[in-house]
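J.: One structure is given below, represented as structure tokens, and several questions about it will come after.
The values are calculated or read from the model by the stated rules, or taken from the named source; none is laboratory data. Just so you know, these numbers come straight off a predicted model, no measurement behind them. Reconstructed Cβ throughout: ideal geometry from the backbone, glycine too, with neighbour counts over all protein chains shown.
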Amino acid sequence: MKFLTLGALLIGAVTAVSTGRVPHGAQIIPANDKSSLRNIGAHGQKYPDRRTVTIRPSKNDTDDISDDFLWGIKHANHGGRLLLKKGKTYVIGKKLDLSFLNNVEVQLEGEIKFTDDIKYWQANNFYYSFQKSITFWVWGGKDIKIFGHGTLNGNGQAWYNAFAGREILDSSNTFYRPILFLTDNATRVSVEGITQLNSPCWTNFFVRTNDVSFDNVFINAFSTNASALPKNTDGFDSLNVNGLSVTNTRVDIGDDCFSPKPNTSNIFVQNLWCNNTHGVSMGSIGQYSGVQDIIEHAYIENVTLLNGQNGARLKAWAGQNVGYGRINNITYRNIHIENTDKPLVLDQCYFNINATECAAHPSAVNITNIVFDNIYGTSSGKNGKEVVDLTCSPNAVCSNIHLSKINLTSPAGSPPVIICDGIQGDIGVNCTSST
Ligand SMILES: *[C@@H]1O[C@H](CO)[C@@H](O)[C@H](O)[C@H]1NC(C)=O
Ligand SMILES: *[C@@H]1O[C@H](CO)[C@@H](O)[C@H](O)[C@H]1NC(C)=O
Ligand SMILES: *[C@@H]1O[C@H](CO)[C@@H](O)[C@H](O)[C@H]1NC(C)=O
Ligand SMILES: *[C@@H]1O[C@H](CO)[C@@H](O)[C@H](O)[C@H]1NC(C)=O
Ligand SMILES: *[C@@H]1O[C@H](CO)[C@@H](O)[C@H](O)[C@H]1NC(C)=O
Ligand SMILES: *[C@@H]1O[C@H](CO)[C@@H](O)[C@H](O)[C@H]1NC(C)=O
Ligand SMILES: *[C@@H]1O[C@H](CO)[C@@H](O)[C@H](O)[C@H]1NC(C)=O
Ligand SMILES: *[C@@H]1O[C@H](CO)[C@@H](O)[C@H](O)[C@H]1NC(C)=O
Ligand SMILES: *[C@@H]1O[C@H](CO)[C@@H](O)[C@H](O)[C@H]1NC(C)=O
Ligand SMILES: *[C@@H]1O[C@H](CO)[C@@H](O)[C@H](O)[C@H]1NC(C)=O
Ligand SMILES: *[C@@H]1O[C@H](CO)[C@@H](O)[C@H](O)[C@H]1NC(C)=O
């Protein structure tokens, strides 16, 4: 029996790979070998069968299979699939450059888990100057699909413990933490069905990427140490991206749920659920002096936001030495918000720029053609009766902002207060100035 399995394995391997050594425990099964594909859980998936590569799983949490993973994805590239089996863990302990992908699938049924060797990762990573980001690996190329019921595990606990007490926005901070999933220079990336667990820092960051979609994904970050909570574990961030779709997804983390950053256009969000987050934000943008940032053409529909700091938000920098750009053509529709400090926010005097300063140095990020339609639920009451806060820079472009069917209440009392400062034209609801 043992001999037969080994024999079949070797034949499979030998028929498919013409050159190079097959790593111990790896296998390549042709697309037409249905029974072998069925045996390993690769046949009868949502997508047609492909040449399928498997690699050996890890024996324990330090058994690094990153070389096997790299071999596997290279052999799955150009039309094949890498299968990571159900019930198995694949530990990655070395940084991986996956920038060469072209028409590849990863069927993740088991778990990919990164080592928590902080010393190693802080010395070995891919670095992005935008907000001093680092990552374990970079995915690039085209037609990349990740699907399955498995987990991408950032193994963040050691990072949460070590980062406790520090601030990412502190300009002297040099304690960088890896992003769990990062694409760069990629086209057509889709991720479906998986769980993304305990990222050390942001969960997803898309850079120079066109057409990325997430469907039916669960993002969660939690700590078992009450004095070291996960920080900056944002669900979705982007930079220079055209085409970003997130559907049927749940996010339970302590930072932004969905927050596209500079130069993101054609955004589609539908059926998103966010718990304990800082909300669904456009921006912030316009931070860096002399740099133009744009976010436009976003349709955000059917989002549930529970227990958060913010609900739906737009934010652009004001003050001295900041950048310019626009947030344009954004629709938030059918948004359910509960127990949230600031349910609906437009802040064109970001970050904490006071009214005098904001009038003297208004934002150069135009905010135009914005719809908030059918936004309902309750605030936490933390900001009293205030449920909506729209603050535009005086003398900046902040126009065609339209609110309809706003039914937000506050446990602190009624009537709820809608603040609007510096907005040009009628916004569709009665509102008052903060002063
Ligand atoms: C983990 O597995 C590797 C590879 O089999 C082995 O060399 C190592 O000793 C194991 N480590 C522990 C802590 O069991
Ligand atoms: C982007 O990827 C393409 C191949 O898909 C490659 O030709 C090009 O050099 C890459 N660009 C950069 C800036 O890495
Ligand atoms: C919890 O985090 C704190 C702060 O970093 C740390 O001092 C402590 O050792 C951690 N506790 C455990 C059990 O790891
Ligand atoms: C809205 O999204 C929730 C998930 O958050 C989903 O259960 C519900 O079916 C969606 N509603 C519609 C009308 O699609
Ligand atoms: C949402 O988060 C709260 C903590 O704020 C937690 O008690 C609750 O179980 C979460 N809801 C779900 C459905 O996971
Ligand atoms: C956004 O795109 C503009 C070109 O339109 C570019 O000059 C700018 O550097 C980009 N912003 C960032 C932060 O990359
Ligand atoms: C606004 O964005 C939507 C996508 O959400 C797009 O279909 C529409 O064409 C855009 N409108 C304009 C005027 O560009
Ligand atoms: C902002 O609006 C001003 C005035 O309409 C316009 O001149 C400028 O081009 C706009 N900026 C951007 C980046 O769209
Ligand atoms: C507003 O902020 C500016 C710059 O930080 C500061 O100089 C000024 O005192 C502040 N004004 C008020 C009224 O707080
Ligand atoms: C507003 O929401 C409350 C529940 O939060 C509901 O009782 C009320 O009927 C809603 N009003 C409108 C006009 O939809
Ligand atoms: C605004 O308030 C005025 C006076 O109370 C009222 O007549 C008007 O209908 C209100 N408009 C809206 C859009 O609620």
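J.: For region 260-277, which residues satisfy the criterion of being surrounded by fewer than 23 Cβ atoms within 10 Å (Cβ to Cβ) and either among the polar types (S, T, N, Q) or away from ligand 7 (no atom under 14 Å from the Cβ) (or both)? Step through it out loud before you land on a result.
T.: At the first step, the residues of region 260-277 found to be surrounded by fewer than 23 Cβ atoms within 10 Å (Cβ to Cβ) are 262-263, 265-266, 268, 270-271, 273, 275-276.
Those that are surrounded by fewer than 23 Cβ atoms within 10 Å (Cβ to Cβ) and either among the polar types (S, T, N, Q) or away from ligand 7 (no atom under 14 Å from the Cβ) (or both): 262, 263, 265, 266, 270, 271, 273, 275, 276.
J.: Can you pull out every residue in region 408-435 that is closer than 24 Å to residue 308 by Cβ, more than 16 Å from ligand 11 (Cβ to nearest atom) and not in a loop (DSSP other than H, G, I, E, B)?
T.: Hit for region 408-435 is 421, nothing else.
Per-residue answers, yes or no, for (1) under 32 Å from the mean Cα position of the chain (by Cα); (2) within 16 Å of ligand 8 (Cβ to nearest atom); (3) hydroxyl-bearing (Ser, Thr, Tyr):
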site: 395; (1), (2), (3): no, yes, no
site: 401; (1), (2), (3): yes, yes, no
site: 404; (1), (2), (3): yes, no, yes
site: 409; (1), (2), (3): yes, no, yes
site: 413; (1), (2), (3): no, no, no
site: 418; (1), (2), (3): yes, no, no
site: 426; (1), (2), (3): no, no, no
site: 430; (1), (2), (3): no, no, no
site: 433; (1), (2), (3): no, no, yes
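J.: While we're on this one: If only one of 405, 382 is surrounded by fewer than 16 Cβ atoms within 10 Å (Cβ to Cβ), charged (D, E, K, R) and in a strand (DSSP E or B), which one is it?
T.: On the way: 382 fails: in a strand (DSSP E or B).
Testing whether each residue is surrounded by fewer than 16 Cβ atoms within 10 Å (Cβ to Cβ), charged (D, E, K, R) and in a strand (DSSP E or B) leaves just 405.
J.: Separate question: Being modelled with pLDDT of 95 or more and either within 16 Å of ligand 5 (Cβ to nearest atom) or closer than 16 Å to residue 206 by Cα (or both) is true for just one of 118, 134. Which residue is that? If you could, list the steps in order and put the result at the bottom.
T.: Working: 118 fails: either within 16 Å of ligand 5 (Cβ to nearest atom) or closer than 16 Å to residue 206 by Cα (or both).
Being modelled with pLDDT of 95 or more and either within 16 Å of ligand 5 (Cβ to nearest atom) or closer than 16 Å to residue 206 by Cα (or both) holds for just one of 118, 134, which is 134.
J.: Just to check your reading of the model, which residue among 115, 52 is β-branched (Val, Ile, Thr) and over 30 Å from residue 239 (Cβ atoms)? Talk me through it step by step, then tell me what you get.
T.: Working: 115 fails: over 30 Å from residue 239 (Cβ atoms).
Only one candidate passes the filter, namely 52.
J.: Same structure, new question: In this structure, does residue 396 turn out to be more than 21 Å from residue 270 (Cα to Cα), away from ligand 5 (no atom under 16 Å from the Cβ), at pLDDT 95 or above and not aromatic (Phe, Trp, Tyr)? Talk me through it step by step, then tell me what you get.
T.: Details: more than 21 Å from residue 270 (Cα to Cα): yes; away from ligand 5 (no atom under 16 Å from the Cβ): yes; at pLDDT 95 or above: yes; not aromatic (Phe, Trp, Tyr): yes.
The answer is yes for residue 396.
J.: Can you tell which of 253, 219 is within 16 Å of ligand 5 (Cβ to nearest atom), closer than 20 Å to residue 342 by Cα, of a type in the set (A, V, I, L, M) and free of Cβ contacts under 8 Å to residues at least 60 places away in the same chain? Reasoning before the result, please.
T.: Values: 219 fails: closer than 20 Å to residue 342 by Cα.
From the options 253, 219, the qualifying one is 253.
J.: For residue 292, indicate whether it is at pLDDT 95 or above, in contact with a strand residue (DSSP E or B) (Cβ under 6 Å, 6 or more places away or on another chain) and not charged (D, E, K, R).
T.: Working: at pLDDT 95 or above: yes; in contact with a strand residue (DSSP E or B) (Cβ under 6 Å, 6 or more places away or on another chain): yes; not charged (D, E, K, R): yes.
Yes; evaluated as a whole, the condition is true for this residue.
J.: Let me ask something additional. Select from region 24-44 the residues that are surrounded by 18 or more Cβ atoms within 10 Å (Cβ to Cβ), in a loop (DSSP other than H, G, I, E, B) and within 33 Å of the chain's Cα centre (by Cα) and list them in ascending order.
T.: Those that are surrounded by 18 or more Cβ atoms within 10 Å (Cβ to Cβ), in a loop (DSSP other than H, G, I, E, B) and within 33 Å of the chain's Cα centre (by Cα): 26, 41, 42.
J.: Give region 110-137 a look and list any residue that's part of a loop (DSSP other than H, G, I, E, B) and loosely packed, with under 15 Cβ neighbours inside 10 Å, or say none.
T.: So the first thing to find is which residues in region 110-137 are part of a loop (DSSP other than H, G, I, E, B), and the list is 110, 115-117, 124-125, 129, 136.
Of everything in region 110-137, those that are part of a loop (DSSP other than H, G, I, E, B) and loosely packed, with under 15 Cβ neighbours inside 10 Å turn out to be 124, 129.
J.: Suppose the filter is closer than 30 Å to residue 266 by Cβ, of a type in the set (A, V, I, L, M), surrounded by fewer than 22 Cβ atoms within 10 Å (Cβ to Cβ) and in contact with a Gly (Cβ under 7 Å, 6 or more places away or on another chain); does residue 364 pass it? Please lay out each step first, then the result.
T.: Values: closer than 30 Å to residue 266 by Cβ: yes; of a type in the set (A, V, I, L, M): yes; surrounded by fewer than 22 Cβ atoms within 10 Å (Cβ to Cβ): yes; in contact with a Gly (Cβ under 7 Å, 6 or more places away or on another chain): yes.
It is true that residue 364 is closer than 30 Å to residue 266 by Cβ, of a type in the set (A, V, I, L, M), surrounded by fewer than 22 Cβ atoms within 10 Å (Cβ to Cβ) and in contact with a Gly (Cβ under 7 Å, 6 or more places away or on another chain).
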